[in-house]
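The values are calculated or read from the model by the stated rules, or taken from the named source; none is laboratory data. Keep in mind it's a predicted model, so treat the numbers as computed, not measured. Here Cβ is always computed from backbone atoms with ideal geometry, including for glycine, and neighbour counts include all displayed protein chains. Calculation scope for accessible area: heavy atoms of the full protein, side chains included, ligands and nucleic acids excluded. Shrake-Rupley method; radii C 1.70, N 1.55, O 1.52, S 1.80 Å.
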Number of protein chains: 4
Amino acid sequence: MKTPNPARRSERSRRAILSAAFDLVAEAGYAKLTVEAIAARAGVGKQTIYRWWPSKGAVFVDAVLSLSEDDTGGLSLPDTGDLRADLSGVLRAIVDEYNDPRLDAMSRALTAESLADPTLNSEITARILGPLLEVTKDRLRSAQRAGQVAADADLSVAVELLYGPIYHRWMLRTHPLTHEYADTVVEFALRALEPAH
Amino acid sequence: MKTPNPARRSERSRRAILSAAFDLVAEAGYAKLTVEAIAARAGVGKQTIYRWWPSKGAVFVDAVLSLSEDDTGGLSLPDTGDLRADLSGVLRAIVDEYNDPRLDAMSRALTAESLADPTLNSEITARILGPLLEVTKDRLRSAQRAGQVAADADLSVAVELLYGPIYHRWMLRTHPLTHEYADTVVEFALRALEPAH
Amino acid sequence: MKTPNPARRSERSRRAILSAAFDLVAEAGYAKLTVEAIAARAGVGKQTIYRWWPSKGAVFVDAVLSLSEDDTGGLSLPDTGDLRADLSGVLRAIVDEYNDPRLDAMSRALTAESLADPTLNSEITARILGPLLEVTKDRLRSAQRAGQVAADADLSVAVELLYGPIYHRWMLRTHPLTHEYADTVVEFALRALEPAH
Amino acid sequence: MKTPNPARRSERSRRAILSAAFDLVAEAGYAKLTVEAIAARAGVGKQTIYRWWPSKGAVFVDAVLSLSEDDTGGLSLPDTGDLRADLSGVLRAIVDEYNDPRLDAMSRALTAESLADPTLNSEITARILGPLLEVTKDRLRSAQRAGQVAADADLSVAVELLYGPIYHRWMLRTHPLTHEYADTVVEFALRALEPAH
DNA sequence: ACTTAAGCGAGACGGTACGTCGCGTCTTCTC
DNA sequence: GAGAAGACGCGACGTACCGTCTCGCTTAAGT
């Protein structure tokens, strides 16, 4: 099992494969994605796929990631000084994404894939989720300095207080995801995090 | 598509199929579960499976559910008067379950399945998750009457404040799930829910 | 394995089964005949078929035979004194039957069935073919008495001289089966059988 | 329905499939031949069979044909000048073949298959039966030139006069097939074909 | 006339084989 | 030497029928 020489890799094929994978999922759902279909649609031999990716899940994750990285990093988290507004902004944005059927389907597919394959899970965590949590923590740290958040609050838990409820509701479809809901979550979180009184 | 006559259904086969499915997942993981293996292990024709379940996922969900329903309701939620202790009890119990590799694998398989098939999702929600959320809300309602929780708090959100962070951490494997973590979550949640001061 | 009591046999079911079998073959060909289809079409339980016939081939053969026995014995072989004319009559009649697509298909199905199952073969031979050969031999015997056929000719072979070529051509589709052909065969056969000169 | 590229066809698989099919029929009879068994015995995927043959019948016919074509033409028909002896030779040889249980079974299977599938019928006719009839006609033509057979005899019918009775007796099992029988048939045929006297 | 057991319709069952799909590997030929 | 093309061995799919096996129901026979 010799590893191929990346220098020789065809950029045209790489792109074609990723975009074929993405389009196929968009059209028919992740469950119907097959390596053969990707190869056919991309005008590529199957071997070319297997040479560079370990599984079709990896191709798909790559496809999604390469797309989301074309954006300037997805969600931003401004620091206007108004913590409540800043957090509400992110959460509402996330709610909007989950309410877009296209993105919803993609996210669920990605999640399902990551459940079955720990490798993909870490990749997703590292490349999508991690950065989001990080910038959020940054914002909370800044709020700590401003005395809006208890100095001793564990920020790793704090971010989960924000994103956990949203994620829970999205994954389990217990109730609709709305902007009000996002705001309620922010409200609760801020109360939980506020300095001792 | 004629629906079979349930009156004639063989109880012996039903049981054999469910327990075969469960055992196979326990032994080799959900990814390797096949209808043929279930049929073989259960000593049953494939058609008998397809006659009564639409997919192997449905069989598996049924298997898990029928098992979890042999227990008299699984998790209980006592009302000792000490809200913090009561909640900490449930969350720690859940953390323990997620830390049991067997149950962890089952839950992830169940979750992955429910991502791909909304029907299963609702079934799981209705038969496993729903009851848990319900008893939790009951406990919180009792706490409201006792003045430990703000009277106007939206309890649907409140339960997500409790379970959301745990679920988030479990699903995304961002950090280890510990009893301390459970307690921290309870702490934050109680602070968020406490009556205005 | 107790043999069922024929006295209790339902005549209505028997008829329904035979005619369902016959019709199904007529409609879709023998290859697509199934026991389940016969049962369904006849409004009969499968067990009723298995109780009275050993195989679907047997049902079909029975169906054909029961039909052909409604006729007064099928082909007749008159003795007008004109041997050539009498034989030409039968052979032409047989040729006509083989040229009827319905009968052609039935005969081929019957033949195929008898190839796979020696039991059916003997039944067919006994109930359809045998009588034909017998009456033909009778006619030839009468011709022997009239001095038109060599006294020492082996009549078992003689009839095969008549039917063999026709059968050969029908089975193997080497050439079309026509009345002229029937007459040529009769001509050759008579020449082969004529008394020494 | 894209047709596969024959250039890429694996010769090794082709051979293995044909010989597996042949052996399986020899061992257990045509009725028990299955595509799965062929594939398993040949060490081949089922798809490889379906890629190149339309049905298991076609595989079997191919198997038989490819074997019979390894022989340099099978039956020969010498021209010794003695027509009776030459014809008796072929008919006796054919009788011998039909009396070999192995060949008998093969021939019946082949015949049954050709009854159900006209395509196979023509193939068999073209590759096995046709050549035999042709060399026989050649021999009779030579006999015509020698004045042993009527100049105006229709040779297509003549050959059926020879093979028809044998075939009839073999197929319908009315009487045993013996060398004497073969000779009797030749005798009758020669008498039928002899020039006017 | 009344049981009572057989035949019957229906159809679920354990199986075998079907013909198809997709996997991941391998081979051949091209650029 | 990477890539397009696609045949291959393999494993599983979901379906069609097989022949067997209960289920109630009906129906004729024998008390």
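Please compute the Kirkwood hydrodynamic radius of the stretch B:148-197 from all pairs of different C-alpha atoms, in Å with one decimal. When all Cα pairs of the stretch B:148-197 are included, the Kirkwood radius is 11.6 Å. Between identical copies, the spacing of residue B:81 label points, each set 7 Å from Cα toward the C-beta atom, reads 5.0, 13.0, 13.2 nm from nearest to farthest. Largest to smallest in accessible area, the residues A:163, B:98, C:50 fall in the order C:50, B:98, A:163 (1.4 Å probe, all protein chains included).
With respect to the axis relating copies D and A by rotation, the chain D residue whose beta carbon is closest, plus that distance in Å, is D:47, 5. The reciprocal of the average 1/r between distinct C-alpha atoms defines the Kirkwood hydrodynamic radius, which for the stretch C:6-68 equals 11.4 Å. A 1.4 Å probe, protein heavy atoms only, puts the accessible area of residue C:152 near 130 Å².
With its label point defined 7 Å out from Cα along the Cα-to-Cβ axis, residue D:32 lies at 3.1, 3.4, 4.4 nm from the matching points of the other copies, in increasing order.
Taking the Cβ of residue D:57 as the centre, find all other residues whose Cβ is under 13 Å away and add up their charges (Lys, Arg: +1; Asp, Glu: -1). With Lys, Arg at +1 and Asp, Glu at -1, the net is -3.
Here the Karplus curve 6.51 cos²θ - 1.76 cosθ + 1.60, taken at θ = phi - 60°, turns the phi angles of the stretch A:119-124 into couplings of 4, 5, 3, 5, 4, 4 Hz, with x standing for Gly and Pro.
My understanding is that a pair violates if its Cα-Cα distance is over 28 Å; which of B:56/D:56; C:32/D:137; B:46/D:46; A:32/D:56; A:56/D:46; B:56/D:46 do that in this structure? Write down the numbers at each step before the final one.
Working: B:56/D:56 32 Å; C:32/D:137 39 Å; B:46/D:46 20 Å; A:32/D:56 31 Å; A:56/D:46 25 Å; B:56/D:46 25 Å.
The pairs that break the limit, which is 28 Å between Cα atoms, are B:56/D:56; C:32/D:137; A:32/D:56.
Taking label positions 7 Å along the Cα-Cβ direction at both residue D:40 and residue A:138, the computed distance is 6.3 nm, reported to one decimal.
Rounded to the nearest 10 square angstrom, residue D:138 shows an accessible area of 80 square angstrom against a 1.4 Å probe.
May I ask you to derive the FRET efficiency for residue D:173 and residue D:93 from their Cβ-Cβ distance with R0 = 25 Å, giving the value to the nearest 0.05?
0.80
Within chain C, the whole DSSP H helices whose Cα atoms reach 20 Å or more along their own axis and whose mean Kyte-Doolittle score is at least 0.5 are C:155-172.
Each other copy holds its own label point for residue C:5; taking that point as 7 Å from Cα along Cα to Cβ, the gaps run 2.5, 7.2, 9.0 nm, nearest first. Above 48 Å, the calculated P(r) of the protein assembly as shown contains 49 percent of its Cα-Cα pairs.
Toward the positive end of the charge dipole of chain D, with +1 on the Cβ of Lys and Arg and -1 on the Cβ of Asp and Glu, the farthest Cα among D:132, D:45, D:68 is that of D:45. The distance separating the Cα centre of the stretch B:114-150 from that of the stretch C:101-155 comes to 82 Å.
When all protein chains stay in place and ligands, DNA and RNA are ignored, the 1.4 Å accessible-area order of A:96, C:104, largest first, is A:96, C:104.
Largest to smallest in accessible area, the residues C:174, B:34 fall in the order B:34, C:174 (1.4 Å probe, all protein chains included). Counting Lys and Arg as +1 and Asp and Glu as -1, what is the net charge of the other residues whose Cβ lies under 12 Å from the Cβ of residue B:78? Net local charge, residue B:78 excluded: -3.
Hydrodynamic estimate: the Kirkwood radius of chain B over Cα pairs, inserted into Stokes-Einstein at 25 °C and 0.890 mPa s, corresponds to D of 131 µm²/s.
Evaluating kT/(6 pi eta Rh) at 4 °C and 1.567 mPa s, with the Kirkwood radius of the stretch B:83-193 over Cα pairs in the Stokes-Einstein relation, gives 88 µm² s⁻¹. Residues of the stretch D:157-180 falling in the label zone of residue C:187, defined by backbone nitrogen less than 18 Å from a point 7 Å along Cα to beta-carbon, are D:157-162. Across the accessible surface of the protein assembly as shown, with the other protein chains kept in place and a 1.4 Å probe, carbon and sulfur atoms take up 52 percent. Modelled spin labels at residue D:10 and residue B:66, positioned 7 Å past Cα toward Cβ, are 4.1 nm from each other.
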